[in-house]
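Take a look at the structure below.
The values are calculated or read from the model by the stated rules, or taken from the named source; none is laboratory data. Given the structure is predicted, the values throughout are model-derived calculations rather than measurements. Side chains are part of the model used for accessible areas, which takes the heavy atoms of the whole protein and leaves out ligands, DNA and RNA. Shrake-Rupley method; radii C 1.70, N 1.55, O 1.52, S 1.80 Å.
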Amino acid sequence: MKLIVITTPTFFVEEDKIITALFEEGLDILHLRKPETPAIYSERLLTLIPEKYHRRIVTHEHFYMKKEFNLMGIHLNMRNPKEPHDYSGHLSCSCHSFDEVVQKRHFYDYVFLSPIYDSISKVDYYSTYTPEQLREGARQGIIDQNVMALGGVNADNIMEIKDFGFGGAVILGDLWSRFDICNDQDFRNLIQHFKLLKELAD
């Protein structure tokens with residue numbers, strides 16, 4: 001099962017070092033999500049990450065960076081719902097219901113389905129699925145290897161995500177909550193936790 005990490009919405013000093021370390025430990029894909037931020041900051045972050053990892057980065061903003069930095073692709077959501085008219089390449093999007101997955105899945109390389117569990121990073125963003133509904137979704141072929149589980153995914157439930165038939169687990173709050181971007185410099189605890197997640201996902 002793939003392991004995908006979404007960045008924090010804000011930039012911080014150690015970010016490029018942590019992202020590089022995550023890739024070195026086997027991170028499959030990084031989603032660069034920095035809503036409402038100037039492109040120049042994302043560009044600077046990308047220049048600090050070794051080029052060999054750029055092909056495993058998907059951007060949620062400033063879609064021209066896909067070509068400029070030879071990134072993996074772009075991700076569409078409510079803020080950025082349309083790809084550029086001349087775009088070709090990897091494309092993913094966010095979905096929030098089975099119906100949306102059914103409607104969109106054939107147009108994308110993969111889709112995010114959320115929130116599978118109560119969100120760790122978003123307040124009042126609660127799961128809308130029961131385990132029985134998710135198993136039924138897999139039985140009907142709605143959940144498969146091209147659907148990635150997002151929302152509240154952590155070390156305690158990642159095995160269940162795999163059991164439900166998802167093709168990947170999308171990590172956000174469970175990882176970044178282990179590093180205080182304002183006060184911490186030592187990110188070994190975050191990397192150790194990622195290694196645990198990776199072991200469980202494999």
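Here are a few things to note about the model shown:
- Considering segment 47-103, its Cα convex hull presents a mean projected area of 4.6 nm².
- Overall dimensions of segment 120-202, expressed as equivalent-ellipsoid semi-axes from the Cα gyration tensor (√(5λ), whole Å, largest first), are 27, 15, 9.
- Considering helices alone, the calculated mean residue ellipticity of the chain at 222 nm is -8500 deg cm²/dmol, with DSSP H runs of length four and up weighted by -39500 (n - 2.57) and normalised per residue.
- The equivalent ellipsoid of segment 1-115 has semi-axes of 23, 16, 14 Å, largest first, where each one is the square root of 5 times an eigenvalue of the Cα gyration tensor.
- Spatial separation of Cα centroids for segment 50-69 and segment 115-188, in angstrom: 24 Å
- Solvent-accessible area, 1.4 Å probe, carbon plus sulfur percent, for the chain: 50 percent
- Accessible area per residue, Å², the chain with all protein chains present, probe 1.4 Å: 51 Å²
- Only Cα pairs under 8 Å and 6+ residues apart enter the sum, and on that basis the relative contact order of the chain stands at 21 percent.
- With DNA, RNA and ligands ignored, accessible area of His96 (1.4 Å probe; Å², nearest 10): 80 Å²
- If you sort Glu43, Glu24, Glu51 by accessible surface, 1.4 Å probe, largest first, the order is Glu51, Glu24, Glu43.
- For the chain, the Cα-based Rg and Dmax, in that order, read 16.3, 47 Å.
- Orientation-averaged projected area, Cα convex hull of segment 148-192 (nm²): 3.4 nm²
- Remark: segment 132-137, residue by residue, has Karplus-estimated 3J(HN,Hα) of 5, 5, 5, 5, 5, x Hz, where x stands for each Gly or Pro and the curve is 6.51 cos²θ - 1.76 cosθ + 1.60 at θ = phi - 60°.
- Dimensions of segment 75-167 based on its C-alpha atoms, expressed as ranges along the principal axes with the largest first, amount to 42, 31, 22 Å.
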